[in-house]
Amino acid sequence: MSVQLSAKLSHNLADAEARMMRFDIVTLFPEFFKTPFEVGLMSKAIARGIAEVHCTNPRDFTQDKHRRVDDEPYGGGVGMVLKPEPIFAAVESLPVLPRREVILTTPQGEPLSQQHFKTWAADCDQLVVLCGHYEGMDERVTHLVTREVSLGDFVLTGGEIPALALVNGVVRLLPGTVGKAASLAADSFEDGLLDYPHYTRPAVFRQWAVPEVLLSGNHAKIAQWRRSQQWERTRSRRPDLLSPDGVNEEVDEALEPPLS
């Protein structure tokens with residue numbers, strides 16, 4: 001049985017550029033995803049027909065009365081392993097769209113990044129996300145999988161949180177989800193750098209004042225200040241992003257000394 005979290009709409013989309021993208025989450029806990037997809041931009045994207053999210057429970061594809069999906073590992077050891085049969089059956093029950101990726105969330109996967117989100121949002125019609133549990137899935141499940149990803153170098157109780165982050169990261173990049181497309185271009189990581197600091201009213205809060213350059217009205221100086229702040233933040237917090245593969249060094253060379 002598939003638990004559908006999306007609203008079935010006609011295809012009269014307000015945004016002509018928007019397209020429907022399907023997300024299938026294979027999870028032992030479909031109820032985990034109910035609230036996150038009913039609030040904020042995720043809810044709006046679903047209501048507008050930009051995204052369609054379904055949760056499928058492998059327990060619905062078991063053959064025993066206890067609906068058992070795990071078993072002891074061959075070779076011994078602690079913990080339980082998710083059996084391959086219910087996972088295969090759950091995935092094979094899903095419709096197959098032309099451009100599809102089947103993704104396994106696992107601590108052994110490659111680090112999930114903004115570039116993943118951009119690629120999937122641009123190139124995929126369907127993402128199938130498998131949520132691991134216990135000691136993981138039977139290794140034979142990888143024959144279903146096109147990519148394995150990790151949220152970071154830590155271990156969670158299951159793959160639902162990484163799956164939620166993945167879907168959220170992709171949906172916000174789909175045309176029509178975010179009101180101002182220009183705001184996406186200013187996100188952290190879009191050009192290999194962290195975002196610059198943001199300020200709003202009041203101009204002075206307690207002992208902290210907004211940098212004068214932001215109040216100057218000089219757009220060229222503001223742009224230069226923001227760019228310099230991006231580089232300073234990235235150098236101090238994420239120097240790994242400044243590798244030759246991460247950013248355009250020509251932009252760095254063209255940057256004038258940071259403004260105070």
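Residue 135 to residue 205: extension gain in nm, 0.36 nm per residue of separation minus the Cα-Cα distance?
Values: separation 70, 0.36 × 70 = 25.20 nm, distance 4.92 nm.
That works out to 20.3 nm of additional length.
Please work out the FRET efficiency for the pair residue 233 and residue 19, using the Cβ-Cβ distance as r and a Förster radius of 30 Å; give the result to the nearest 0.05. Let's see the in-between values first.
Working: r = 34 Å, r/R0 = 1.14.
Step by step, r from the Cβ atoms, then E = 0.30.
Using Cα pairs under 8 angstrom and six or more residues apart, how large is the relative contact order of segment 2-171, in percent? The partial results should precede the final answer.
Values: 307 pairs, mean separation 43.7, N = 170.
Taking the mean separation of contacting Cα pairs over the length of segment 2-171, I get 26 percent.
Nearest-5 percent of antiparallel DSSP beta bridges in segment 2-171? Walk me through the numbers on the way to the answer.
Working: 6 of 29 bridges.
Counting DSSP beta bridges with both partners in segment 2-171, the antiparallel share is about 20 percent.
May I ask which residue of 84, 129, 50 lies farthest towards the positive end of the charge dipole of segment 2-171, with charges of +1 (Lys, Arg) and -1 (Asp, Glu) on Cβ and the Cα centre as origin?
So the residue furthest toward the plus end is 50.
Can you say what percent of the DSSP beta bridges in segment 89-188, counting only those with both residues inside, are antiparallel? Round to 5.
Values: 1 of 12 bridges.
Beta bridges within segment 89-188, antiparallel portion: roughly 10 percent.
Treating the beta-carbon of each Lys and Arg as +1 and of each Asp and Glu as -1, no other charges, what is the dipole magnitude of segment 66-117 about its Cα centre, to the nearest 20 debye?
Details: 5 positive and 7 negative charges, 38 e Å.
So the dipole magnitude of segment 66-117 works out to roughly 180 debye.
Multiplying the sequence separation of residue 147 and residue 80 by 0.36 nm and subtracting their Cα-Cα distance, what value in nm do you get? Show your work: numbers first, answer last.
Values: separation 67, 0.36 × 67 = 24.12 nm, distance 2.30 nm.
That works out to 21.8 nm of additional length.
Using alpha carbons only, how many angstrom separate the centre of segment 60-75 from the centre of segment 29-47?
29 Å
What is the extension gain from residue 198 to residue 34, computed as 0.36 nm multiplied by their sequence separation minus the C-alpha to C-alpha distance, in nm to one decimal? Before the final figure, lay out each step's value.
Numbers: separation 164, 0.36 × 164 = 59.04 nm, distance 3.20 nm.
Result for the pair: 55.8 nm of gain on full extension.
Separation between the residue 154 and residue 99 pseudo-spin-labels, each 7 Å from Cα along Cα→Cβ, expressed in nm?
Simple spin-label model gives 3.4 nm for this pair.
So, in nm, how far is label residue 47 from label residue 119 when the simple model puts each one 7 Å beyond its Cα toward the Cβ?
Roughly 3.4 nm, to one decimal.
Which ³J(HN,Hα) values, rounded to whole Hz and listed in residue order, are derived for segment 120-129 from phi using the Karplus coefficients 6.51, -1.76 and 1.60 in 6.51 cos²θ - 1.76 cosθ + 1.60 with θ = phi - 60°, glycine and proline given as x?
5, 4, 8, 10, 10, 9, 8, 10, 9, 10
Identify the residues of segment 139-160 with backbone N under 15 Å of a label point that sits 7 angstrom from the Cα of residue 240 along the Cα-to-Cβ direction, or state none.
Residues 150-155 fall inside that zone.
None of the figures in this text is laboratory data; all of them are computed from the coordinates on show. Bear in mind the structure is a predicted one, so any value in this text is a computation, not a measurement. Every residue, glycine among them, receives a Cβ derived from its backbone with ideal geometry; neighbour counts consider all protein chains shown.
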